[in-house]
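Computed from the coordinates by the stated procedures, all read-outs in this text should not be read as laboratory data. What you are looking at is a predicted structure, and each value in this text was computed from that prediction instead of being measured. Here the Cβ is made from the backbone with ideal geometry for all residues, glycine too, and neighbour counts use every protein chain on show.
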Amino acid sequence: MIDTTSPAARATGGATSTPELEIVPVRNHGRWIAAVASLLALVGLIGSLAKNDNLRWDVVGDYLFADLIFDGLATTLWLTAAAMVLGLALGTLIAVMRLSSSPVLYGLANAFVWVFRGTPLLVQIIFWGYAAALYKYVKIGIPFTDVTFFQAETNALLTPAIAALLALGLNEAAYASEIVRAGIQSVDPGQAEAAHSLGMRPALTMRRIVLPQAMRVIIPPMGNETINMLKMTALVSVISAHDLMSNIQDVYAQNYQVIPMLVVASIWYLALVTLLGVPQAWLERRYGRGTTRAGHASPFRRLLGGTTERLGKKNKERNR
């Protein structure tokens with residue numbers, strides 16, 4: 001038999017070496033053109049705004065850190081936090097009621113969601129702000145008798161801040177209940193059945209087994225609801241709740257600098273929303289462990305990761 005193995009192959013024990021293939025990355029020219037065009041448009045917009053004398057940047061600078069603005073920010077922040085706590089607690093209760101087998105609890109929960117999700121938030125804020133026109137006194141006692149345990153004037157009890165809190169919190173509870181209900185229903189029913197087989201009661205099963213697993217589904221939309229709540233507090237300016245937007249309106253009603261004062265409000269809302277996005281991203285990564293995808297990372301992290309990956313590939317090619 002004639003040996004057709006090449007001398008190089010015989011020297012290496014008969015193994016043939018294959019030429020290494022060079023990987024050529026795809027050139028996305030259209031993506032780079034779109035990116036450059038977008039950056040140029042953004043730079044042009046920022047330049048036109050910076051040079052626009054009608055914006056009155058001196059007025060913006062004078063009021064950006066004014067005491068009146070900080071007072072409004074404090075009211076906005078506590079309204080957002082308190083309304084979200086009230087909405088989440090009540091929404092969780094309503095979600096459990098909607099999943100209950102009791103027709104009474106199910107009907108009451110459905111009626112609550114129907115009313116507060118079906119009417120505009122602005123209408124609800126005005127309603128609570130002027131509730132004294134419907135009931136002059138708030139009374140707690142035994143129905144159909146003269147026995148009264150508590151009585152107070154509605155205007156003294158429902159201050160603008162309390163009325164804003166009730167309107168925001170109850171409205172949020174209707175939406176939070178749907179988010180929590182979707183999260184609970186996303187958990188495999190076998191989890192609850194296994195807990196019941198171990199002797200755990202339904203309330204304990206819901207608190208220790210179902211809700212922790214449902215948080216993976218609940219956190220992202222609830223984070224968006226928190227950011228939306230921060231912006232929706234601007235609506236309470238119609239009842240003069242002394243939030244950020246109310247104080248801004250009081251200022252431009254006197255100096256007539258509407259656009260500069262709206263720029264001040266926009267800067268603070270953007271700053272607060274940016275800060276709220278940090279814990280939201282952390283919670284999403286915390287409860288999304290095991291199913292983390294690239295979409296869960298922030299744009300800066302994705303850009304940094306892509307740059308690091310490209311530099312690593314270049315270093316490997318250079319070391320060969």
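Give me the extension gain from Ile33 to Ala74: residue separation times 0.36 nm, minus the current Cα-Cα distance, reported in nm with one decimal.
Values: separation 41, 0.36 × 41 = 14.76 nm, distance 4.43 nm.
Full-extension gain reported as 10.3 nm.
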Could you give the length gained on full extension between Leu157 and Val238, defined as 0.36 nm per residue of separation minus the Cα-Cα distance, in nm?
-> 27.3 nm
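Find the relative contact order for region 59-288 and round it to a whole percent, using C-alpha pairs within less than 8 Å whose residues are 6+ positions apart.
Details: 255 pairs, mean separation 68.7, N = 230.
Here the relative contact order equals 30 percent.
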What percent do you get for the relative contact order of region 115-193 when only Cα pairs under 8 Å and 6+ apart count?
-> 33 percent
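Going by C-beta contacts inside 10 Å, put Lys139, Lys231 in order with the fewest on the left.
Working: Lys139 10, Lys231 14.
Starting with the residue having the fewest Cβ neighbours, the order is Lys139, Lys231.
Calculate, in nm to one decimal, what Leu55 and Val123 gain on full extension: separation in residues at 0.36 nm each, minus their alpha carbon distance. Display every interim value, and only then the final one.
Values: separation 68, 0.36 × 68 = 24.48 nm, distance 3.25 nm.
Going from the current span to full extension adds 21.2 nm.
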For region 59-288, build the charge dipole from Cβ charges (+1 Lys, Arg; -1 Asp, Glu) around the Cα centre, then report which of Ile140, Asn155, Gly183 sits farthest towards its positive end.
-> Gly183
Estimated FRET transfer efficiency (Asn224, His196; beta-carbon r; R0 35 Å; 0.05) | 0.55
Plugging the Cβ-Cβ distance of Asp67 and Leu42 into 1/(1 + (r/R0)^6) at R0 = 35 Å yields, to the nearest 0.05, a FRET efficiency of 0.55
At what distance in nm do the modelled label points of Val147 and Leu99 sit from each other, each positioned 7 Å from its Cα along Cα→Cβ?
-> 3.9 nm
Taking a crude spin-label model, label points 7 Å out from Cα along the C-beta direction, the Arg208 to Asp188 distance in nm is 2.0 nm
Pair Leu262, Ile23: separation of 7 Å Cα→Cβ label points (nm) = 5.1 nm
Diffing region 160-168: the Karplus 3J(HN,Hα) column from phi (6.51, -1.76, 1.60, θ = phi - 60°), in whole Hz with x for Gly and Pro, holds x, 5, 5, 4, 5, 5, 5, 5, 5
Under-5 Å amide H pairs with Tyr137, H placed in peptide plane, nonlocal only | Thr154
Be a star and scan region 150-183 for residues whose amide nitrogen sits under 11 Å from the point 7 Å along the Cα-to-Cβ vector of Tyr137.
-> 150-154
